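Below is one structure, written out as structure tokens, with a few remarks after it.
The values are calculated or read from the model by the stated rules, or taken from the named source; none is laboratory data. In this text the structure is predicted, and so the values were computed from the model without any measurement. Positions of Cβ are backbone-derived with ideal geometry, glycine not excepted, and every protein chain shown enters the neighbour counts. Only protein heavy atoms, including side chains, enter the accessible area calculation; ligands, DNA and RNA are left aside. Shrake-Rupley method; radii C 1.70, N 1.55, O 1.52, S 1.80 Å.
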Amino acid sequence: MTDHTTDTTLLVTVDSLRTDHVQYMPRTLEFLDATHDAAFATSTATPGSFPAIIGGEYPAGNGLESEASVAHEFESHCVGITTNHLLSQEYGYAAGFDSFTSPKGGGESLKDKGAILLERGSLPYKLASWGYNRYQRLRSYVAETAKSFRPAAAVVDQFLAEIDGHEGWFGWLHLMEPHHPYDPDGATIDRARAQRVTRRVLAGHGSEADEALVRDLYRREIAELDAALERLWNAIPDETRVVFCGDHGELLGEDGLWGHPGEMRPELLNVPFGTRNAPDLGEVVSLVDVPTILTGTEHGVGTLDRETAFAAYGDQKAAMTAAHIATGDGTYRLENGEKVADPTLERELERFDPAYVVKEDALQEDLEDLGYA
């Protein structure tokens, strides 16, 4: 087992959080003692990010190889709570945890449509979207529309109850705010309308006013998340080693795109990343480094001193440094999208072969469980 420098270790992952929107989380930023601007996801979707975050491995299928879980490295009490049905026992994420809670059979994680791995415009995607929209229209007739996922405040409450009485622990909390449809409690409109407007905009049918409203709802969800996390930051021991990160970003209308389709774009690949009581890191951080950061020792292919990060989605791939991103479409400056030449990074991209495989069968089952297709 790993010889940890602290008895309490915490991983907090957030779905669909943009790097440029962490400014709406002042409580969290104050709590973290280091943030890293050049941090990158290994994919633009949840199933491709979490084999890295929990296993220190690039995705090679649909889920986590159970023996790879970083939870095995901790002798202390291990608690995992996720709010995304793709991060469930069925996908291998319960491995190594003494207590693990996730939605059952698609359950409460209604925000994650599961279509994130389906190519936009394909027949499966159209069927999924049609089913999802039909399902949500039926829900809109209910007098009081329910929150579309388990709220962060409830997750924090459960986690603090589960670690009570344990001197040492490792915790992983995955929170769905601000994943679409954006429906914060503090919205200027009711929840049902917030969900309808979000769906309309993501489908490409929203007005400029709708789009502005959706961006505001997204920001409000982030602020709501920050408020919920304040209780967590205040409750855990000061010496706790903490990693806080997004699993991928979100598009908010750039080039007419919304959500997190599979394109290798900086808005999706550059993720918020912060630590507390963690080792010093290199110029670049990849989500595949998270288990190594949590334990302080090598885990999978992670490292504490990285210069280049890699990502894959289906047959697309990308390589990133602190300054540039190289994809099949060319090499660009991260700061402003200007096209540049970087032969070294382009050679790194060519050599990168994650053997990434998208298995849509399992996802289709989840879509059917959720009533989307």
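Residues in the stretch 285-323 near a label at Arg351, defined as backbone nitrogen under 17 Å from the 7 Å Cα→Cβ point? Hits in the stretch 285-323 for Arg351 at 17 Å: 301-303, 305-311, 318-322. When only alpha carbons are used to place a centre, the stretch 261-284 and the stretch 288-314 end up 11 Å from one another.
Which stretch or stretches of the stretch 217-233 have amide N atoms under 18 Å from the point lying 7 Å from Leu160's Cα along the Cα→Cβ direction? Of the residues in the stretch 217-233, 224-233 have backbone N under 18 Å from the label point off Leu160.
How large is the accessible surface per residue of the stretch 171-249, computed with a 1.4 Å probe and reported in Å² as a whole number?
Values: 2710 Å² over 79 residues.
I get 34 Å² per residue for this part.
The amide H of Gln316, built 1.01 Å from its N in the peptide plane, has no neighbour under 5 Å, considering only residues 5 or more places off or on other chains.
The amide H of Arg306, built 1.01 Å from its N in the peptide plane, has Gly282, Glu283, Val284 as neighbours under 5 Å, considering only residues 5 or more places off or on other chains. Measuring between their Cα centroids, the stretch 170-191 and the stretch 34-103 lie 20 Å from each other. Coupling constants for the stretch 59-75 follow from the phi torsions by the Karplus curve (6.51 cos²θ - 1.76 cosθ + 1.60, θ = phi - 60°), and in residue order they are x, 9, x, 10, x, 9, 5, 4, 6, 7, 4, 5, 4, 5, 7, 9, 7 Hz; glycine and proline get x. With r as the distance between the Cβ atoms of Glu307 and Asp190 and R0 = 45 Å, compute the FRET efficiency 1/(1 + (r/R0)^6) and round to 0.05. Efficiency at R0 = 45 Å is approximately 0.40. For the stretch 197-320, the dipole from Cβ point charges (+1 on Lys and Arg, -1 on Asp and Glu) about the Cα centre works out to 280 debye, to the nearest 20. Enumerate by residue number the GluC sites (Glu not before Pro) in the stretch 248-346 meeting two conditions: DSSP loop (anything except H, G, I, E, B), and at most 16 other Cβ atoms within 10 Å of the site's Cβ. Loop-located and lightly packed - Glu283, Glu298, Glu307, Glu335, Glu338.
Leaving out ligands and nucleic acids, note down the accessible area per residue over the stretch 271-352 with a 1.4 angstrom probe, in whole Å². Walk me through the intermediate numbers first.
Working: 3750 Å² over 82 residues.
That works out to 46 Å² for each residue.
State the volume of the convex hull built on the alpha-carbon positions of the stretch 205-276, expressed per residue in Å³ and rounded to an integer.
90 Å³
What's the extension gain from Glu211 to Thr297 if we count 0.36 nm per residue and subtract their Cα-Cα distance? Length gained, Glu211 through Thr297: 26.5 nm.
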